[in-house]
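Beneath this line is the structure, given in structure tokens, with notes to follow.
The numbers here are math on the coordinates, done by the rules we state, and not lab data. The shown structure was predicted, so the numbers you read here are calculated from the model rather than taken from an experiment. Here the Cβ positions follow ideal geometry from the backbone for every residue, glycine too, while neighbour counts run over all protein chains shown.
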2 protein chains.
Amino acid sequence: MSAPTNVTAAILVIGDEILSGRTKDKNIGYIAEYLGKIGIDLREARVVPDVEDEIVAALNALRARYDYVVTTGGIGPTHDDITADAVARAFGVGIGEDPRAIAIMLERYAPGDLTAARRRMARMPEGSELIDNPISRAPGFRIGNVFVLAGVPSVMQAMLDSAVKEMRTGAIMLVETVEAGFVPEGRYGDALGRIAEANAAVSIGSYPSFKDGRFNNQIVVRGKEAQAVAAAKAAVEAMLETIRGDGKPL
Amino acid sequence: MSAPTNVTAAILVIGDEILSGRTKDKNIGYIAEYLGKIGIDLREARVVPDVEDEIVAALNALRARYDYVVTTGGIGPTHDDITADAVARAFGVGIGEDPRAIAIMLERYAPGDLTAARRRMARMPEGSELIDNPISRAPGFRIGNVFVLAGVPSVMQAMLDSAVKEMRTGAIMLVETVEAGFVPEGRYGDALGRIAEANAAVSIGSYPSFKDGRFNNQIVVRGKEAQAVAAAKAAVEAMLETIRGDGKPL
């Protein structure tokens, strides 16, 4: 049996508005879940400001390390939209107005309404392929292993639907969740550690949430081999049964 | 007049559950807003998995570069909670059970209930100071310029209240928001770029949201000098008035 294939990705969120707290990022969680479901493992995310040097450095670090990088933000028509320039610099290529992008934008705007600001959205690094934007037309782009998407969540999501068609996918991560409920982590932590050690083909996480003054816990088993996931899940369930039945107060 | 002081920070979110999309991060936005209000500028955020090498590398990159680093996640009682070990390694110091932390935990747990798993939460890198956890007692810790907090939002938030008492603060970022509403970015982008250029003491961002099939825009002026922020805001408002009154369709 061959080992499951891993395809990896990182997200680079670009925007002062996320770092100031003005806008609460919703893209990392959405992209993480979306990629996971199709067999691409998100391994890292970064948020950087609208500063070209920062974008270039982060992008070059991430694109060298992961199969794909998805960026969000900074491709609109205003002066603070500098992602395309930063990406061109990161790749060491020129940037210019892309006639394909202009043609697409002319489907939405009359020629007289194509202001200099709007034309900025047609500037693409040399060698880019366009990414369709069914919401507001101005396209995203792909260059190498980097996919450059909008920051507005609904626009980003529509672009992502197009972008993933160009990505290889690997084995899908199988996920099983076991409700530990009010059994405290401190009661099952030792036993869970032993289960994790004995089931090295999966990763096991314990996730508390806190509500009405008490923790409510979930144990999550993740892996790419169905049998290994099922075996680990069964071990976790048996362990919790033992604790629930041991007569000690929770 | 002396230049406004800048105190900078980064956030390191630690946890497979964020990168898998299972848990949607709420801590970056909360910490960003909180620090901003007291005069600490968040400059970068990263999300890394529960992998010691990744935590160490990210933490060492961030703590060298910013005045403070706040980490969230990975300090609970289960095997996947490896933040304290990773922080100790990043600082090149030992790690051991901290008697102060044990004493605090004994306020909550009877001695017989202090399982090996729970004792894990008392392991602190050498030289750490404890950070109070009024919610569930097991403390966070500070070492050097790094503040290590829980991942569960309500616990993290309570720890942050304690942590910030140990941080220097700088000049507070002043923020003015101008509603551009349905005036399209493409109509004001050129003029806004000229205003941004003429008002170098502030940063100006344009932020669209998308609802019911159209963009609704806000222009945000940020800076640390009140007069400069007021002047730029006035210029933005005047510019929007001109566009609204120019008789062309929006």
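Can you sort A:Asp16, A:Asp98, A:Asp53, B:Asp113 from fewest to most other Cβ atoms within 10 Å of each residue's own Cβ? All intermediate terms of the calculation are to be shown ahead of the outcome.
Values: A:Asp16 24, A:Asp98 20, A:Asp53 11, B:Asp113 15.
Ranked by crowding around the Cβ, least crowded first: A:Asp53, B:Asp113, A:Asp98, A:Asp16.
Taken over segment A:3-52, the percentage of Cα pairs per 5 Å bin, counting from 0 up to the bin with the maximum distance, is 5, 20, 25, 18, 15, 10, 4, 2, 1. What is the log10 of I(q)/I(0) for segment B:1-121, computed with the Debye formula using one identical point scatterer on each Cα and no solvent, at q = 0.14, 0.19, 0.21 Å⁻¹? Taken in order of the listed q values, log10 I(q)/I(0) reads -0.72, -1.09, -1.19. Classify segment A:47-197 as rounded, prolate or oblate, taking a ≥ b ≥ c as the square roots of the eigenvalues of its Cα gyration tensor: rounded when a/c is under 1.5, otherwise prolate if a/b is larger than b/c and oblate if not. Verdict is prolate for segment A:47-197.
With Rg and the Kirkwood Rh both taken from Cα atoms, where does Rg over Rh land for the protein assembly as shown?
With Rh from the inverse mean 1/r over Cα pairs, Rg/Rh is 1.01.
Beta bridges per DSSP, both residues in chain A: antiparallel share near 60 percent. Paramagnetic label reach from A:Asp161 (point 7 Å along Cα→Cβ; backbone nitrogen cut-off under 19 Å): within segment A:31-63, residues A:31-39. Among residues of chain A, the one whose Cβ lies closest to the rotation axis carrying chain A onto chain B, together with that distance rounded to whole Å, is A:Arg46, 3. For B:Pro99, the label point sits 7 Å beyond Cα toward Cβ; its separations from the matching points on the remaining copies run 8.0 nm, from shortest to longest. Annotation: the residues B:Ile195, A:Ile11, B:Ile104, B:Ile38, sorted from fewest to most other C-beta atoms within 10 Å of their own C-beta, follow the order B:Ile38, B:Ile104, B:Ile195, A:Ile11.
A point 7 Å from Cα along Cα→Cβ stands in for B:Arg194, and the other copies hold the same point at 7.5 nm, listed in rising order.
Between helix A:27-38 and chain A there is an angle of about 70 degrees, using the helix long axis and the longest principal axis of the Cα atoms.
Here segment B:123-228 is described by how far its Cα atoms reach on the three principal axes: 58, 36, 19 Å, from widest to narrowest. Inter-chain neighbour count for A:198-209: the average number of beta-carbon atoms from partner chains within 10 Å of each residue's beta-carbon is 4. Think of the protein assembly as shown as having a plus end and a minus end, set by charges on the Cβ of Lys, Arg, Asp and Glu; of A:Ala158, A:Ser20, A:Ser203, A:Ala158 sits farthest toward the positive end of this dipole. Residue exposure proxy: A:Lys233, A:Lys224, B:Lys24, ordered by other Cβ atoms within 10 angstrom of their Cβ from fewest to most, comes out as B:Lys24, A:Lys224, A:Lys233.
Place a point 7 Å from Cα of B:Glu197 in the direction of its Cβ. Which residues in segment A:70-85 have their backbone N less than 11 Å from it? No residue qualifies, since no backbone N sits under 11 Å from the label point. For segment A:50-67 versus segment A:142-166, the inter-centroid distance based on Cα atoms is 17 Å. Close amide-amide hydrogen proximity is noted between B:Ile95 and B:Glu126, each under 5 Å apart and 5 or more residues distant or on a separate chain (H modeled in the peptide plane; Pro and chain starts excluded). Under a 5 Å amide H cut-off, with hydrogens placed 1.01 Å from N, A:Ala180 pairs with A:Asn217, A:Gln218, A:Ile219 among residues at least 5 apart or on other chains. Projecting 7 Å from Cα along the Cα-to-Cβ direction, the label point of B:Glu241 sits 7.6 nm from its equivalents in the other copies, listed shortest first. Our helix-only sum for the protein assembly as shown, with -39,500 (n - 2.57) per DSSP H run of n ≥ 4 divided by its residues, gives a mean residue ellipticity at 222 nm of -11500 deg cm²/dmol.
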